[in-house]
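Notes for the one structure printed next.
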Amino acid sequence: DVVETQEHYKSRWRSIWIMYLTMFLSSVGFSIVIMSVWPYLQKIDPTADASFLGWIIASYSIGQMVASPLFGLWSNYRPRREPLVISTAISVAANCLYAYVHVPHSHNKYYMLTARALVGFGAGNVAVVRSYIAGATSLTERTSAMANTSACQAVGFILGPVFQTCFTLIGEEGVTWKFLCLQLNMYTAPVLFGALLGVINIILIFAIFREHRVDDMGRQCKSINSDGEGSDVLDQNTEGSIDHVAVVALNILFFVILFVFAVFETIATPLTMDMYSWTRKEAVFYNGIILSVIGIESVIVFMVVKILSKKTGERAILHAGLLIVLIGFFILLPWGKKLPNIQWQEIKNNSIPRTAPTEMLMPLWSLQEMQLPSNHTAEPVGCPVTQSWCLNTPMIYLAQYISSDVLIGLGYPVCNVMSYTLYSKVLGPKPQGVYMGWLTASGSGARILGPVFVSQIYTHLGPRWAFSLICGVVVASLLLLEIVYKRLIAFSVRYGRMQE
């Protein structure tokens, strides 16, 4: 056995901290412009509509889904510094492109689409980050390191909009540098700031990051990616096949976890506008506060789960996390009798009875013909009559919504970090780049399909169908977890090299 030297230990953890920073910057790159994409898009290209905005938001996840397996494969055979530097450089270039999308005279929206897709492509380095952390930590260190990684990602998502808010002080006009053809304003400053952070990240990768690998027991061993760095001692514990049933099951579970959270994030604004008659501004403001609180809650959960997992094990915590998410969505089901406010019903002198049976309600075509007086400038609020379910589906009370937010904010981070940790342990000491790439890709696919699910099921069938289907999906994932429960063990435990 090779005892790890103090110098090796310090170098290994310095490199892991650089990976934490890379994960943080990756999530900042997504969230730092998310609040300003729509007004910037309208400013640079008036031909863009809301459906195109959906494609721009989705392009990040599509780019990440494509890139993750590719960067993962690259990191399996070459020094990880290469894909890390190249992916970060792509993100830097994409952010600079985003700052210049106003320059062309036409098709500006397509340049913005390309820029966001390339930022997502660069974020495919998440697979490299997680595979490195999995290989550079022992089993006892793994859960804590994965929790820290997820916490850095969560903090990035929280601070991104904060940075954006600070840059709004520059204003829409800002400063124009004609010799650079650059407008430095509230839309371009955040991405240029993100590009600067990316350059700093590249410098730190060259200056501090080193290839390190330890086996499940923490013994130093040679990395296939080392390119001359690290120990010359080979790991003798790589023999044995990976349990692909467990691998596929964890990919499915991870997809479900990110899918239900993407649905939750996407549905928050339309749901609260429909149920509580909030204006667009109120919905964005209040839900922004709620999501920020959930983000802080998630960071606390990441820290607690590191301690809790040592006593109960990752599988039990994953099971509990899924149950909490199930309860959170179950609470969101409409249970009462009171119907939501219908847009403009007060104009007809309350001619739509709140508690009237469906067959007694005014015909849908006459509801749709309701118009405001020409001198009325207020924004329509309430549940739109174009959603026929508004006429017969009970409202979801604010207490239900807040309770659900708290529970989902508790269950999601638990499921997220436990699924990553179990996945890395099941894969064992062999290079994990490709497998981590597929896991990241499955999460990106979930973030693409979640908003599509909301736009179709919720809009046409309403919250009762949407949340019932989500509950069904979570129940199915719990059954899958029960089936594969005994297979979700570490590679070394499976082959009798370590005690569970």
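The values are calculated or read from the model by the stated rules, or taken from the named source; none is laboratory data. Please read all numbers here as calculations on a predicted model, not as lab measurements. As a convention, Cβ positions derive from the backbone with ideal geometry for all residues, glycine included, and neighbour counts pool all protein chains shown. Keep in mind that these areas ignore ligands, DNA and RNA; they rest on the heavy atoms of the full protein, side chains included. Shrake-Rupley method; radii C 1.70, N 1.55, O 1.52, S 1.80 Å.
Would you mind giving the average projected area, over all directions, of the Cα convex hull of segment 407-459 in nm² with one decimal?
Convex hull of Cα atoms, orientation-averaged projection: 4.5 nm².
Sorted by accessible area with a 1.4 angstrom probe, largest first, how do MET146, MET303, MET273 fall?
Sorted by accessible area, descending: MET303, MET273, MET146.
Applying 1/(1 + (r/R0)^6) with R0 = 41 Å to the Cβ-Cβ distance of TRP335 and ILE289, what FRET efficiency is obtained, to the nearest 0.05?
So the FRET efficiency works out to roughly 0.95.
So what's the gap between the Cα centers of segment 19-44 and segment 79-109, to the nearest angstrom?
Going from one Cα centre to the other spans 12 Å.
Multiply the residue separation of LEU308 and TYR77 by 0.36 nm, subtract the distance between their alpha-carbon atoms, and state the gained length in nm to one decimal.
79.6 nm
For segment 1-223, what's the relative contact order in percent, using C-alpha pairs closer than 8 Å and at least 6 residues apart?
35 percent
I need the calculated FRET efficiency for the pair VAL475 and LEU398, taking r as the beta carbon distance and R₀ as 25 Å, to the nearest 0.05.
The calculated FRET efficiency here is 0.40.
Leaving out ligands, DNA and RNA but keeping every protein chain, what accessible area does TYR77 have, in Å² rounded to the nearest 10, with a 1.4 Å probe?
Accessible area, nearest 10 Å²: 150 Å².
What residues have an amide H closer than 5 Å to that of ILE342, excluding those fewer than 5 places away on the same chain, when H is modeled at 1.01 Å from N in the peptide plane?
HN-HN under 5 Å from ILE342: CYS383.
Residue farthest toward the positive end of the dipole of the chain, with Cβ of Lys/Arg at +1 and Asp/Glu at -1: which of ASN201, ALA117, THR272?
Of ASN201, ALA117, THR272, it is ASN201.
Under a 1.4 Å probe, what is the accessible area of segment 390-437 per residue, stated in Å²?
For segment 390-437, the per-residue accessible area is 23 Å².
Could you do me a favour and compute the accessible area per residue for segment 1-223, 1.4 Å probe, result in Å²?
41 Å²
Peptides 17-24, 290-297: what's the order by average Cβ count within 10 Å, highest mean first?
Going from most to least packed, we get 17-24, 290-297.
Which of the three applies to the chain, rounded, prolate or oblate, going by the alpha-carbon gyration tensor with a ≥ b ≥ c and a/c under 1.5 meaning rounded?
Oblate, since a/c reaches 1.5 and b/c is not below a/b.
Helix 280-312 sits at what angle to the longest principal axis of the chain, using alpha carbons and giving 0 to 90 degrees rounded to 10?
The answer is roughly 30 degrees.
Label VAL37 and MET217 with points 7 Å out from Cα along Cα→Cβ: what is the distance between them in nm?
With each label placed 7 Å out from Cα toward Cβ, I get 4.9 nm.
Using the Kirkwood radius built from alpha carbon pairs, what does the Stokes-Einstein equation give as D for segment 92-181 at 4 °C and 1.567 mPa s, in µm² per second?
For the chosen part, D equals 80 µm²/s.
Label points 7 Å out from Cα along the Cβ direction at SER468 and THR165: separation in nm?
With each label placed 7 Å out from Cα toward Cβ, I get 3.9 nm.
Quick one: compute the contact order of the chain, relative version, from alpha carbon pairs under 8 angstrom and 6+ residues apart, as a percent.
Dividing the mean separation by the residue count of the chain yields 24 percent.
Could you go through segment 420-430 in sequence order and give the Karplus-derived ³J(HN,Hα) for each residue, using 6.51 cos²θ - 1.76 cosθ + 1.60 with θ = phi - 60°, rounded to whole Hz, and x for Gly and Pro?
In residue order, the calculated couplings are 5, 5, 4, 4, 5, 6, 5, 5, x, x, 6 Hz.
Going by average Cβ neighbours within 10 Å, how do the peptides 198-210, 257-269 rank, with the highest at the top?
257-269, 198-210
Using θ = phi - 60° and the Karplus relation 6.51 cos²θ - 1.76 cosθ + 1.60, list the HN-Hα couplings for segment 210-215 in order, rounded to whole Hz, with x at every Gly or Pro.
9, 6, 9, 8, 10, 7
What FRET efficiency, computed as 1/(1 + (r/R0)^6) with R0 = 41 Å and r the Cβ-Cβ distance, is obtained for TYR110 and ILE208, rounded to the nearest 0.05?
Efficiency computed from Cβ-Cβ geometry: 0.60.
So, taking all protein chains as they sit and a 1.4 Å probe, how much accessible area belongs to TRP38, in Å² rounded to tens?
That residue has around 80 Å² of solvent-accessible surface.
What ranking, highest mean first, results for peptides 114-126, 165-177, 386-398 when packing means the other Cβ atoms within 10 Å averaged over each residue?
In decreasing order of mean packing, 114-126, 165-177, 386-398 become 114-126, 386-398, 165-177.
Translational D (Stokes-Einstein, µm²/s) of segment 1-223 at 4 °C and 1.567 mPa s when Rh comes from the Kirkwood sum over C-alpha pairs?
71 µm²/s
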